[in-house]
Amino acid sequence: MPKILIIEDEEAIRRVLKKILTEQDAAYHVYLASDGLEGLQEIEKQQFDLVLCDIKMPKMDGIEVLQHIKDRQPELPVIMISGHGDLDTAVETMRMGAFDYISKPPDLNHLMNTIGHALNRKFLEQENKILKRKIGKSYEMIGESQGIKDIKTIIDKVASTSARVLITGPNGTGKELVAHWIHQKSDRSQAPIIEVNCAAIPSELIESELFGHVKGAFTSAVKDRAGKFEAANGGTLFLDEIGDMSLSAQAKVLRALQEHRVQRVGSDKTIKVDVRVIAATNKNLKKEIEAGRFREDLFHRIAVILIQVPPLNDRREDIPLLIEYFSKQITTAQGTVMKVFSQEAVDCLKHYDWTGNIRELRNVVERLLILGGSEISKKDVMQFANKL
C-alpha cells in the first residue's frame, strides 16, 4: 500500500486530508508532519511514495522543503498545496520539480486524480529502472583479463559520443554484448537499440528490412512498412555481421549515414533519421575490400572506433568467472539448485580449445549442470563436455 506524507501546519486540514486518503476505496498509509522540519525528519527516517506539502508554514516553508526533497530524492513526487492562490508561486514550484500545485480547499476528485497520476508515474519509473537493470545484467561483460579491461575502457570513452563503432572478432566472442554496453552507457539509452543480423536476411530483402517499403513495392508488400533505421530513430542501430551485406545495400547504408535520411523501397520520399550505427563482423573487412565485396568508403564511415573482441582462448583467465556467472544465470532461469564446479573441473575447462568461444562455453556449462553430479567433477567434464 503506498505511503503518503502530509506536511501541513494546520491541524484541521491535516485531519481532513488524512480522513480523505484513508477512507477511499484505494486507501493509503498516511503519515503527518506539522511543519517542514518535522516533514524532512520523517523523510530521513523512512521511504515515502508521495508527499503533500503546504507552502506557507512556520520554521521552514514548502518551497524550502521541496528544494531539500529534490536535492536528496529527486524521484519522490511532491504535490504542493496552498490557500494563497499565486500563479507565480505555482510556476516556481513546478519549475523546481513539483508534480503539481493544488489550491485550498482542494477539490476531492482533482486531488485524488492528481495523487493517482503521481503514484502511477513513480511506479512506472521504478519498473523501468528494474527492467533496465535486468536488461543490463543480461548483457553483462564478465572478465578481468587485460583484453576485457581494455574494451571496457574504450566503451567508457566512446559511449557518450556519437562516434560510430566497428566491433570485430570471431563468432561467439560477445560482440553483441559490446554493442549493448555502448548503447546502455550512452545518452541514447532511453531510446531503443535495434538489431539487424545482416547474415540472416536474404540479400533481396535486406534493403526492405533496413529502409522499409511502401505498399506495392514488390509482390509481398501488401502495406507500408517502416524499416529498422526508422525504428531506431533517436537510438542505436546494431548491424551485426555487416560483412555479409550486399553491395547494393551497402551503398544505401552509406547514403543514409552521409545524409541522415532514408528512402523506403518503392518510394521517392526521404525520411530524416537520427541514428547511431554500431556494426560488427567476424570477417576481415580489409580483405573483403580487396576482393571487391565490401565498400571502402562505407568501411571508413562505420570504423571511426575499432574494437577487437579477443577469442576465449586468448583470455583463459576469465573462464572461472564465466563458469560461475553462467552457472548462476542458468540455475536461476531454470529454478534449479546451484552446483559448484570443483577446482579440477575448472582447470580442465581452462585448458580446452574453445573454437566456439563464450557461446560454446555456456553450452558446456549448461550441459554439465544438467548431466553432472551435485558437484561438477573433472570426471563429469571428461564425460559430458564433448571436447575431444
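No value in this document is a laboratory result; all are computed from the given coordinates. On a predicted model such as this, the values are computed, not experimentally measured, just so you know. Positions of Cβ are generated from backbone atoms using ideal geometry, with glycine treated the same way; all protein chains shown enter the neighbour counts.
Sort K223, K157 so the one with the fewest other Cβ atoms within 10 Å of its own Cβ comes first.
K223, K157
For region 240-327, just list the percent of Cα-Cα distances falling in each 10 Å bin from zero outward, please.
Percent of Cα pairs in each bin: 14, 36, 25, 16, 9, 1.
Percent relative contact order of region 3-135, based on C-alpha pairs within less than 8 angstrom and at least six residues apart?
Relative CO of region 3-135 lands at 20 percent.
Can you list the chymotrypsin sites (Phe, Trp or Tyr not before Pro) in region 175-259 that are in a DSSP coil and have 15 or fewer other beta carbons within 10 angstrom?
F218
Distance between Cα centroids, region 311-334 to region 56-101: provide it in whole Å.
One Cα centre to the other: 50 Å.
Return, for the Cα atoms of region 145-310, the radius of gyration and Dmax in Å, separated by a comma.
So, for region 145-310, Rg and Dmax equal 15.8, 53 Å respectively.
Express the relative contact order of region 145-310 as a whole percentage, based on alpha carbon pairs under 8 Å and six or more residues apart in sequence.
Contact order relative to length: 34 percent.
In what sequence do H183, H260 fall when counting other Cβ within 10 Å, fewest first?
Lowest count first: H260, H183.
Which one of P311, L321, S342 has its Cα pushed farthest toward the positive end of the charge dipole of the chain, where Lys and Arg give +1 and Asp and Glu give -1 at the Cβ?
My answer, from the dipole projection, is P311.
Using only Cα atoms and rounding to the nearest 10 degrees, what angle (0 to 90) does helix 247-259 make with the longest principal axis of the chain?
The two axes meet at around 30 degrees.
State, as an integer percentage, the relative contact order of the chain based on alpha-carbon contacts under 8 Å between residues 6 or more apart.
Taking the mean separation of contacting Cα pairs over the length of the chain, I get 13 percent.
What is the helix-to-structure angle for 36-45, meaning the angle in degrees between its Cα long axis and the longest Cα principal axis of the chain, kept from 0 to 90 and rounded to the nearest 10?
40
Rounded to whole Hz and in sequence order, give me ³J(HN,Hα) for region 288-302 from the Karplus expression 6.51 cos²θ - 1.76 cosθ + 1.60, θ = phi - 60°, writing x for Gly and Pro.
5, 5, 4, 7, x, 9, 9, 6, 5, 5, 5, 4, 5, 6, 8
In sequence order, what are the phi-derived ³J(HN,Hα) couplings for region 222-227 according to the Karplus relation 6.51 cos²θ - 1.76 cosθ + 1.60 with θ = phi - 60°, rounded to whole Hz, with x for glycine and proline?
8, 7, 4, 9, 6, x
Amide H to amide H, which residues 5 or more places from L32 or on other chains are under 5 Å from it, using H placed in the peptide plane?
The answer is I6.
Name the residues whose placed amide hydrogens come within less than 5 Å of the amide hydrogen of V273, ignoring near sequence neighbours (fewer than 5 apart) on the same chain.
For V273, the qualifying residues are R261, V262.
Just to check, using Stokes-Einstein with a Kirkwood Rh over alpha carbon pairs, what's the diffusion coefficient of region 3-135 at 25 °C and 0.890 mPa s in µm²/s?
163
Based on alpha-carbon atoms only, what is the radius of gyration of region 313-384 relative to the globular estimate 2.2 N^0.38 Å?
1.00
Under 5 Å between amide hydrogens, which residues at least 5 positions from E195 or on another chain qualify, with H placed 1.01 Å from N in the peptide plane?
When sequence neighbours closer than 5 places are left aside, the close amide H contacts are F238.
Once the Cα atoms of helix 357-371 and of the chain are each reduced to a long axis, what angle between those two axes, in degrees from 0 to 90 to the nearest 10, is obtained?
80
Towards the positive end of the charge dipole of the chain, with charges on Cβ (+1 Lys, Arg; -1 Asp, Glu), say which of H117, P202, Q190 has the farthest Cα.
Farthest along the dipole direction, towards plus: P202.
What dipole magnitude, in Debye to the nearest 20, does the chain give about its Cα centre under +1 on Lys/Arg Cβ and -1 on Asp/Glu Cβ?
About 1340 debye.
Once Lys and Arg get +1 and Asp and Glu get -1 on their Cβ, which of M1, V262, V51 lies farthest toward the positive end of the dipole of the chain?
Projecting each Cα onto the dipole axis, the largest value belongs to V262.
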